[in-house]
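One structure is given below, encoded as structure tokens.
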Amino acid sequence: MTRAWVEVDLGALCRNGAAIAARAGVPLLPMVKADGYGVGGLRAALALDALDPWGFGVSSAAEGQELRRAGITRPIIVFTPILRTEIDSLRRADLTPALGDPAVIESWGRTGRPWHLQIDTGMSRAGMPWHEVGTHRALLERTAPQGVFTHLHSAERRDDSRDQQEKRFAAALKELPEIPSIVHVENGAAVESRAPSPWTLCRPGIFLYGVSTVEGSPLVPEPVASIRGRIVELRTIAAGEAVSYEATWRAPSARRIATVPIGYADGYRRALSNRGIALVRGLRVKVVGIVTMDMTMLDVTDVEASLGDVVTLLGADGDDVITVSELAQLSGLSPYELLTGLARRLPRQYVDSTAEAAA
Ligand SMILES: *Cc1c(COP(=O)(O)O)cnc(C)c1O
């Protein structure tokens, strides 16, 4: 019997992918980097393959190799800069690098394999600075990229940064000897806030995994990841008794306390101490006391709870849902950090809500 796990709804993942692709009106380049934002990169890619994406986006050669070993044959773009010493391992796994450094481009060019040119239009993280593209015209003529792209730093905001980045990108494209047939710019938030896409592919990430980052977005993703665990102990404590380290919480009256075997070592952050919430039989209960490494305590006085009952720390139960955004806000994290921080110690259990509904 599993005591604590992350449930991943692959049906919801695919419906989120289909929804954002429909809005963009262009094929997907789904980001399955960081092990699929924590839900499992390979499983996410295999599920999303049904949507006929152009390819997949990963963080590193190792992540790309995992997809290749599983038999995925679509293009896989490695989105963090590679060192020249990594060229051989990318080449052998048939991975496509995103490049911006002229020396690395020169070396990669000798492999004769496809690559995408990343243009830095204002994030100062990776890519060829937009104003330097013209300087490297000769190089880009010798070794033409298959695709060209940039990354928006604040697409979820309503400010002018996107327009400025897109202007810089357009200016850089004009400096290229030839505009590649594949041009991509938008992350999920960019598609949520503006559609259809004027480019050839879109690169959604967190939206696929059930999180909208745009206020008032026309698209509402379905939740994909849930954290669930079973009650492993129950006790009633008297008024004034403390719960957990440092005794930060004391029972205001006689209280029934449930212990769930999930703690900060599982990615259920310590910042949720005395702040987190959980669902028991579809009803909200509070985390009381400090979240410990392996266990978290809940005040279940007002609900029916027995040993072995499943508690939901993230996700839906009954008619209520604790969303990634809500939990991220409670823990003072970004939703990205919360999802990717779920530890491997929690086994991923894959379900397909479509299949269940049909059954
Ligand atoms: C992570 C990433 C994305 C996806 O971003 P989301 O905000 O998760 O939609 C797209 N493009 C690049 C280059 C990225 O690194």
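Only the coordinates and a few stated rules stand behind these numbers; no lab work does. Everything quoted here is computed from the prediction, not taken from an experiment. For neighbour counting, all protein chains shown are included, and Cβ atoms are generated from backbone atoms with ideal geometry for every residue, glycine included.
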field: Cut-off of 10 Å, at most 13 other beta carbons, DSSP loop: longest stretch of the chain lacking such GluC sites (Glu not before Pro)
entry: 1-177
field: Set of region 164-185 residues, backbone N closer than 18 Å to the point 7 Å along the Cα-Cβ line of R142
entry: 176-178
- prompt: What base-10 log of the normalised intensity I(q)/I(0) is obtained for the chain from the Debye formula, alpha carbons as equal point scatterers, at q = 0.08 Å⁻¹?
  reply: -0.46
task: Please list, or write none, the aspartates and glutamates whose alpha carbon is within less than 19 Å of the alpha carbon of K167, excluding same-chain residues fewer than 8 places away.
output: D120, E132, E156, D159, E175, E178, E186
message: Run the Debye formula on the Cα coordinates of region 225-358, all scatterers equal and no solvent, and tell me log10 I(q)/I(0) at q = 0.11, 0.15, 0.16 1/Å.
response: -0.37, -0.69, -0.78
statement: The ratio Rg/Rh over the Cα atoms of region 209-267, Rh being the Kirkwood inverse mean 1/r radius, stands at 1.19
- prompt: Okay, which of region 204-240 sit inside 18 Å, backbone N to the point 7 Å along the Cα-Cβ direction of V351?
  reply: 209-211, 222-231
field: Binned Cα-Cα distances of region 10-209, short to long, each 10 Å bin given as a whole percent
entry: 9, 37, 38, 16, 1
query: Which lysines, on any chain, are close to K286 with Cα under 29 Å apart, when same-chain ones fewer than 8 places away are left out?
result: none
task: For K33, list the aspartates and glutamates whose Cα falls under 14 Å from its own Cα; do not include residues on the same chain fewer than 8 positions away.
output: E63, E66, E337
